[in-house]
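The values are calculated or read from the model by the stated rules, or taken from the named source; none is laboratory data. This is a predicted model, so every value here is computed, not measured. Note that we place each Cβ from the backbone using ideal geometry, even for glycine, and neighbour counts take in every protein chain shown.
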Amino acid sequence: MNAKDNFIKVKHLYNRAGFGISYSDLNKLSRKNLNKVVDDLLKEPKKDDAITLVDTTESKRQLLVQTALNAKKELDDEEKKMRQEIVRMRNEMSRNLNIAWINQMINTETPLREKMTLFWHGHFACRSNNPMYAQQLNNIQRQHGLGSFKTLLVEVSKSPAMLQYLNNQQNRKGKPNENFARELMELFTLGRGNYTEQDIKESARSFTGWMYDKDGTFIFRKNLHDEGTKTFFGKIGNFEGENIIDIILDKPETAEFISRKVYKFFVNDNPNEAHVKELANHFYNSKYNISELMKKLFTSDWFYNPENVGTKIKSPAEFLVGLSREFFVTYNKPLVLIQLQSSLGQYLFNPPNVAGWPGGQSWIDSSSLMLRMRIPSLVLNDGEIDFSGKADPEDEAVIALSRTATTNANTNTKPKSFVNAQADWPKFLNTLPKGLTPLQLTEFLLQPKLNDKITRMVSDNKGLRSTAVEITSMPEYQLC
Amino acid sequence: MNRRNFLRNTGFVAAGSLFVPAFMKPLEAMALDELSLYKNLVVVQLSGGNDGLNTVIPFGNDIYYQKRKNIAIKPEEVIKLNDMQGLNPNMKALQEIYDQGWMTIINDVGYPNPDRSHFRSMDIWQSGSDSNQFLSTGWIGRYLDSNCQTCKFPYTAIEVDDSLSLAMKGQTKKGIALKDPAALFRNTNDPFFKAVLQSDKEHLDEDNLGYLYKTMIETQSSASYIQNTSKIYQSKSTYPQSGFANQLKTVSKFISSGLKTRVYYVSLSGFDTHVNQINQQGNLLKQYSEGMAAFLKDLKTNNKLEDTLVITFSEFGRRVEQNASNGTDHGTANNMFIFGGRLKKQGIFNAAPNLSDLDTGDLKYQLDFRQVYGTILDKWLDVNNADILNKKFNTLDFI
């Protein structure tokens, strides 16, 4: 394999398995064997990479205070203030958690781990107004994101964030709540059409008693668990949650469902069913080892076929992280990152529903595309952005509280905000080899094949810096 | 290219002739079948879950006063519409509208197995899904997808906002979000973007890159069309000073200048009144009512009220009983408002909420919100509602 060939392949690999790559790293890695590069991507991190922003002890204390306040019939002014303060701190912490993860994606040395976390974040989509729960779920998705799918699934199912979001806290013997049981099969494992309504009922009974206690620790409440006999996919027994998960994983449809979703996320919006089948068999035979699945995918020849290179629309997270990573961007007002996510349609930790973000062409409409194409000049050239975005529905209570008689009820009057970010241009330019031409830089920054028009547009460019801003502002840069 | 101009707003640049393939020729050049009667729909979203029971007050029902000791509106303050229901006093501006026969109130609109999460319930209302179904397209978006005679333009649906709501997103077609037509026009006519779009034929196939270019060309073309059609129009009506009224003023400008857009979408947020709701909700209802009254009168002056239907919804109502903080918590069924110059059934459409027959403290719904959508799709937007809503919903006779 020649070096030029490998250069292109590693670049593609890092665009999909990570968030892009610097020119200097790419040069280094393309001298290695491709299988070795894939192996290195799959390696465990040298040090623990869990996000520890939210202080667990403090959060648990707050949780207990809040529970006590909620139990009271009447609150005095002091207590009302206390409750408001807790809500305020939670909201602030939730925003900080979002930014901490974005920063981790921007700075990580193990990009595939973060990319997998992003994948599972959309697959096990969940909203929690408790930042401790949200952080915990995110860490589960990172820690097990390349491990055993069974462990991942069990841990996610036991997390207070998911138990709360899908109402398993209300799933009790004699009064089953089927929400979790339904989504477990429809969205997390088997996919629609591979189970019956009866299977959902029996599965819901089996998960009764899977709850979390008042400080947010998983607990199996035996007295609320339905001990009766259940019939699930033709098997009869006194099943408990984990038995159900085992039976679900025993079905090859689960491996196929996950493989197809992985394929759509990492390879192409339109799955090639033969390739999906290949992945699914491998995944199933490896006993649901996610690393094995990803290794198979990244080492398959078809992954590097032209129809799979430079043809996927970047998600807003991929777009923002990729741009920030490539140009070493510092955000002086990190909240702008939340504003951008929300305006572009992917506010992390706030998926539209349990089905996650639909992805693909649904990322793009006239306003989100225009904004995407303006962001590079705003972020890299520190511009002003006249884009206030919509309020998140969950923030309505805060909006209602903070509103006074004189303020306007609309986002129209929000002051203009400045992106207030800096790219580290010297550092970026340092990653480039000496004598690199604008055309070569363009070839490096864009994943789709260059055409005459782009070639012509950059040919009259003198500086690499202005070339970079222009190129990242093009429709082609939206693809990876 | 002149780099100094790159991605800066350069003021007005004459819209040059774009070279694009025939199948995507500029919309402004398309021959349009002028429709003598061009019907518009304006959707007004109240975000946060507006408390319907303190909006349209069941003052004739004692249970209302028993359950809401601190926040009930006193009977003498209510703007009475009949013996049972009346408007919140902050909605005074709408009294004249109501008396003119331009307003219909539909009580208890909801859906089976209601969800009390703002996000999820808004998702359900915007997508028109069942409560256990996840759709990634909106009801207006699917109307655009249906490619009917009158909805084929990229500017068929406009949201007066910075970003596009799910309601406006279809599988293949989407509405356009803009707050200020002049700003969008300037942005899309940036010399750099124009250069990007110049003489580009090779990308315009059906793949993702083609889709990006198609979206960009349509945006630029729509921005030019909207700006050029609406810029000369000057409204003579006065609107109150509020962001919401400004959104409506923009919609009126579009409608009155003859834009061939069919659906407009605006929203007003802040209705999640868990604490001390009286003043907060009062202020919002005042803003809403004054904005709406100005808008409807403006349309009337311009002879557009007959061709316009305005609907207002919120993702859910609140619980019947107030909470301990003089506010209300998330509930279920809620009222919807319909406005227009050609309403078939004016005033109060159906029975007032039954406060003695509740579902664990919540109102039971009388009508599915998709019956309201279905009625509008069938009778106003001229499509078959089953094609858009995935199953047939019985229509109502308010239009």
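Descriptive notes on the structure:
- Enumeration of residues in region B:118-138 that are β-branched (V, I, T) and either in a loop (DSSP other than H, G, I, E, B) or facing chain A (nearest Cβ under 8 Å) (or both): B:T137
- Test: residue in region A:43-52 that is β-branched (V, I, T) and assigned to a helix (DSSP H, G or I): no
- Those helices (runs of 4 or more DSSP H) lying entirely in region A:240-353 with at least 3 residues surrounded by fewer than 21 Cβ atoms within 10 Å (Cβ to Cβ): A:241-250, A:252-266, A:273-285, A:290-299, A:335-344
- In summary, A:R456 fulfils each of the numbered conditions (1) at pLDDT below 95; (2) surrounded by 21 or more Cβ atoms within 10 Å (Cβ to Cβ) with the single exception of condition (2).
- Helices (runs of 4 or more DSSP H) lying entirely in region B:139-247 (those with 3 or more residues that are of a type outside the set (A, V, I, L, M, F, W, C) and within 12 Å of chain A (Cβ to nearest Cβ)): B:181-188, B:208-230
- Near pairs, Cβ below 6 angstrom, 6+ apart or cross-chain, from region A:215-229 (free of Cβ contacts under 8 Å to residues at least 60 places away in the same chain) to any residue that is surrounded by 13 or more Cβ atoms within 10 Å (Cβ to Cβ) and assigned to a helix (DSSP H, G or I): A:D226/A:R205
- Here the condition is being surrounded by 12 or more Cβ atoms within 10 Å (Cβ to Cβ) and not hydroxyl-bearing (S, T, Y); of A:E74, A:E79, it holds for A:E79 alone.
- A residue that is surrounded by 14 or more Cβ atoms within 10 Å (Cβ to Cβ) and within 24 Å of the chain's Cα centre (by Cα) can be found somewhere in region A:204-217.
- Enumeration of residues in region A:221-250 that are touching a Phe, Trp or Tyr at 6+ places or on another chain (Cβ under 9 Å) and small (G, A, S): A:G241
- Condition broken by B:E77, with the remaining ones in (1) crowded, with 19+ Cβ neighbours inside 10 Å; (2) touching a helix residue (DSSP H, G or I) at 6+ places or on another chain (Cβ under 7 Å) satisfied: (1)
- Count of region A:353-370 residues which are touching a residue at least 60 places away in the same chain (Cβ under 8 Å), closer than 15 Å to B:A167 by Cα and of a type in the set (G, A, S): 0
Every residue, every condition in (1) over 21 Å from B:F134 (Cα atoms); (2) of a type outside the set (D, E); (3) touching a strand residue (DSSP E or B) at 6+ places or on another chain (Cβ under 7 Å), yes or no:
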residue: A:G174; (1), (2), (3): yes, yes, no
residue: A:G191; (1), (2), (3): no, yes, no
residue: A:K201; (1), (2), (3): no, yes, no
residue: A:D226; (1), (2), (3): yes, no, no
residue: A:I244; (1), (2), (3): yes, yes, yes
residue: A:N272; (1), (2), (3): yes, yes, no
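- Residue tally, condition surrounded by fewer than 17 Cβ atoms within 10 Å (Cβ to Cβ), of a type outside the set (K, R) and outside any helix (DSSP H, G or I), over region B:369-394: 4
Residues checked against (1) closer than 27 Å to B:S237 by Cα; (2) modelled with pLDDT of 95 or more; (3) within 13 Å of another protein chain (Cβ to nearest Cβ):
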{"position": "B:N276", "(1), (2), (3)": "no, no, yes"}
{"position": "B:D298", "(1), (2), (3)": "yes, yes, no"}
{"position": "B:N302", "(1), (2), (3)": "yes, no, no"}
{"position": "B:T308", "(1), (2), (3)": "yes, yes, no"}
{"position": "B:F316", "(1), (2), (3)": "no, yes, yes"}
{"position": "B:V320", "(1), (2), (3)": "no, yes, no"}
{"position": "B:Q346", "(1), (2), (3)": "yes, yes, no"}
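- Number of the exception - B:Q133 against (1) modelled with pLDDT of 90 or more; (2) farther than 30 Å from B:F393 by Cβ; (3) surrounded by fewer than 21 Cβ atoms within 10 Å (Cβ to Cβ): (2)
- Filter pass, A:A50 being of a type in the set (G, A, S), away from chain B (no Cβ under 14 Å) and more than 20 Å from A:H144 (Cα to Cα): no
- Verdict on A:S24 being surrounded by 15 or more Cβ atoms within 10 Å (Cβ to Cβ) and closer than 28 Å to A:Q478 by Cα: no
- Unmet requirement for B:D145, which otherwise passes all of (1) under 23 Å from B:S230 (Cα atoms); (2) free of Cβ contacts under 8 Å to residues at least 60 places away in the same chain: (1)
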